[in-house]
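The values are calculated or read from the model by the stated rules, or taken from the named source; none is laboratory data. Bear in mind that the values here come from a model prediction, so they are computed numbers and not experimental data. Cβ placement follows ideal geometry from the backbone for every residue including glycine, while neighbour counts extend to all protein chains displayed.
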Amino acid sequence: MAPALLIPTLLDEPYEASGQPQKAAPCTGTSIVERNKAYWSTQPRPSLLHRSFHEQPVVVASASQNYLTLHDGTRILDACGGAAVAILGHGNKEVVAAMTEQAATVAYVHTLSYTTQAAEDLAKLLVGHKPGGLSKAFFLGSGSEANDGAMKIARQFFFERNDPQRTHFIARRQAYHGNTWGPMSLSNNVSRLVPYKDILMPNVSHVSPCYPYQYQRSGESDAQYVRRLAAELDDEFTRVGPQRVIAFVAETVGGATSGCITAPPGYFSAMKAVCRKHGALFVLDEVMCGMGRTGTTMAWEQEDGDASPDIMTIGKGLGGGYAPIAGILVHQDIIDQLDQGTGCFNHGHTYQAHPMSCAAALAVQSIVRREGLVQRCAEMGKRLEMGLKQRLADEPHVGEIRGRGLFWGIEFVQDKSTRTPFDPALKIGPSVQREALELGVNIYPGAGTLDGVKGDHVLIAPPFTVTEAEIEAITRTVLEAYRRVVSRPQ
Ligand SMILES: *Cc1c(COP(=O)(O)O)cnc(C)c1O
């Protein structure tokens with residue numbers, strides 16, 4: 001091990017933040033984790049309920065462009081923007097100015113009686129041109145709320161169409177749709193569900209994920225695999241009672257649970273065709289993969305055939321992290337049905353279409369359009385793919401490198417020939433993330449890749465503003481982090 005090599009390869013230039021040459025954690029002998037422990041030992045017990053009671057999170061003092069600066073001056077390249085959130089990087093002055101202006105003009109009104117220009121303009125920007133027939137947008141504070149609302153408008157659609165017996169949702173295993181009750185029931189991220197699995201909504205069932213690397217049979221062609229999955233969905237409709245199903249719900253590109261799984265050509269149009277056959281809705285969750293992350297504004301635009309959703313949800317990249325905002329985009333046919341019925345959507349939240357969140361998202365999305373950043377995401381994505389594949393594809397424990405745009409997952413396996421995962425107790429995915437952090441690069445860890453228990457991956461989703469030099473630094477660092485983990489005594 002030659003730590004002196006590591007940090008200088010990061011960007012081949014000194015850290016600016018501390019003004020010191022980039023001798024970060026590995027060179028000084030104390031790690032970020034150790035320095036963080038030392039920091040917290042000087043603090044009173046936190047009043048904030050953190051995710052872990054035993055390990056305190058790292059305090060970030062500031063964030064600018066594609067970097068985080070920690071409390072002790074350590075600078076971290078943000079190669080995942082949180083969970084694929086920060087599409088513009090951090091501290092964008094134009095976004096901050098738009099939010100400040102909105103705060104000073106009108107910070108809040110209740111949507112029962114009022115609206116704001118920021119909310120109207122954001123909706124127009126997203127659905128004014130009716131992409132795939134989606135014609136209305138509804139804004140909320142989180143992806144979970146968006147999926148909750150999507151489930152409710154789908155149910156209301158059938159209720160008003162005199163189809164009240166439709167009460168069931170079909171989702172996929174290895175999916176994540178959120179942490180509030182409805183979306184948690186749709187989700188099948190086993191580790192997040194353990195305490196709650198006996199009290200989830202009973203009217204949800206799950207079919208197989210579309211996950212070729214682990215679940216496509218050897219000798220099975222893409223077309224055969226797609227047909228098998230469509231037949232499984234069709235059988236599930238039959239089992240539940242086709243007249244009872246409201247919708248099939250899926251992530252267009254799988255997100256955090258299994259790490260950027262893409263479907264073979266024709267999968268989504270085949271699944272939509274099954275929904276149509278039984279009169280159910282086709283709902284896509286693009287909270288993580290949407291808003292340009294995969295190289296097109298909507299991830300479904302890259303799918304073969306007719307894969308446009310009746311309802312879709314967006315979130316993370318929508319506001320780029322500047323404010324909490326997510327959205328439901330609804331097809332004109334659903335709007336028409338409600339229009340002929342009660343003439344309202346029976347749903348609402350205090351912070352729905354919050355003016356400052358809408359102003360932030362409007363600024364973020366305006367910059368994305370003006371600067372051609374979705375196109376840039378597609379182009380830089382190709383470089384990231386090339387870099388990751390060149391550096392890591394031949395490594396003995398790198399099973400698959402998959403993704404689209406600037407949304408990449410690396411699945412680690414114990415045995416590449418049988419695609420057998422590591423023992424979960426080794427925590428390979430989280431360990432690679434931790435080593436990468438020590439080397440100055442923030443990536444997103446994943447475990448339970450295969451079935452919620454077994455399997456490891458990391459997720460790389462840098463801002464669309466990522467530079468070539470930064471991509472170089474990311475791929476080098478991920479390789480080094482991986483090597484450190486697999487070479488340690490087990
Ligand atoms: C993150 C995520 C959600 C939940 O969004 P929150 O803002 O965390 O509530 C839903 N669906 C997908 C695909 C996600 O990645």
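Observations on the model:
- Exactly one residue among Val486, Val441, Val432 is surrounded by fewer than 23 Cβ atoms within 10 Å (Cβ to Cβ) and of a type in the set (Val, Ile, Thr), and that residue is Val486.
- Any hit, segment 308-319, residues being outside any helix (DSSP H, G or I) and within 16 Å of Leu406 (Cβ to Cβ): no
- Residues in segment 271-286 that are in a loop (DSSP other than H, G, I, E, B) and either within 16 Å of the ligand (Cβ to nearest atom) or crowded, with 24+ Cβ neighbours inside 10 Å (or both): Ala280 alone.
- Which listed residue is assigned to a strand (DSSP E or B) and either in contact with a Lys or Arg (Cβ under 6 Å, 6 or more places away or on another chain) or surrounded by fewer than 20 Cβ atoms within 10 Å (Cβ to Cβ) (or both), from Ser113, Ser64: Ser64
- Against the numbered list (1) outside any helix (DSSP H, G or I); (2) closer than 30 Å to Val59 by Cβ; (3) modelled with pLDDT of 95 or more, Ser144 comes up short only at (1).
- Set Phe169, Phe159, Phe138: member being in the same structural domain as Gln302 (by TED's automatic domain parsing) and either away from the ligand (no atom under 16 Å from the Cβ) or hydroxyl-bearing (Ser, Thr, Tyr) (or both): Phe159
- Residues in segment 465-485 that are farther than 18 Å from His90 by Cα, in contact with a strand residue (DSSP E or B) (Cβ under 8 Å, 6 or more places away or on another chain) and of a type outside the set (Gly, Ala, Ser): Thr477, Val478, Tyr482.
- Unmet requirement for Cys289, which otherwise passes all of (1) at pLDDT 95 or above; (2) assigned to a loop (DSSP other than H, G, I, E, B); (3) out of contact with any Pro (no Cβ under 9 Å at 6 or more places or on another chain); (4) over 17 Å from Gly405 (Cα atoms): (4)
- Close pairs (8 angstrom Cβ cut-off, 6 or more residues apart or separate chains): part of a helix (DSSP H, G or I) in segment 294-305, of a type in the set (Phe, Trp, Tyr) and buried (at least 19 other Cβ atoms within 10 Å of the Cβ) anywhere: Trp300/Phe268
- Residue under evaluation Phe268, criteria (1) away from the ligand (no atom under 16 Å from the Cβ); (2) more than 26 Å from Ser191 (Cβ to Cβ); (3) not in a loop (DSSP other than H, G, I, E, B), criterion not met: (1)
- Number of positions in segment 345-377 that are over 29 Å from Ala103 (Cα atoms) and either surrounded by fewer than 20 Cβ atoms within 10 Å (Cβ to Cβ) or in the same structural domain as Ile325 (by TED's automatic domain parsing) (or both): 2
- Every pair of residues 6+ apart whose Cβ atoms lie under 8 Å, when the first sits in segment 408-419 and is assigned by TED's automatic domain parsing to the domain that holds Pro463 while the second is among the β-branched types (Val, Ile, Thr) and part of a loop (DSSP other than H, G, I, E, B): Gly409/Ile261; Glu411/Thr449; Arg419/Val413
- Filter result for Ala118 (away from the ligand (no atom under 16 Å from the Cβ) and crowded, with 24+ Cβ neighbours inside 10 Å): yes
- If you go through segment 163-217 and keep only what is β-branched (Val, Ile, Thr) and either in contact with a helix residue (DSSP H, G or I) (Cβ under 6 Å, 6 or more places away or on another chain) or part of a loop (DSSP other than H, G, I, E, B) (or both), you end up with Thr167, Ile170, Thr180, Val204, Val207.
- Residue pairs whose Cβ atoms lie under 6 Å apart, separated by 6 or more positions or on different chains, with the first residue in segment 435-460 and closer than 17 Å to Asn36 by Cβ and the second assigned to a loop (DSSP other than H, G, I, E, B), are Ala436/Ile443; Glu438/Ser31; Gly440/Ala24; Val441/Ala79; Asn442/Ala79; Asn442/Cys80.
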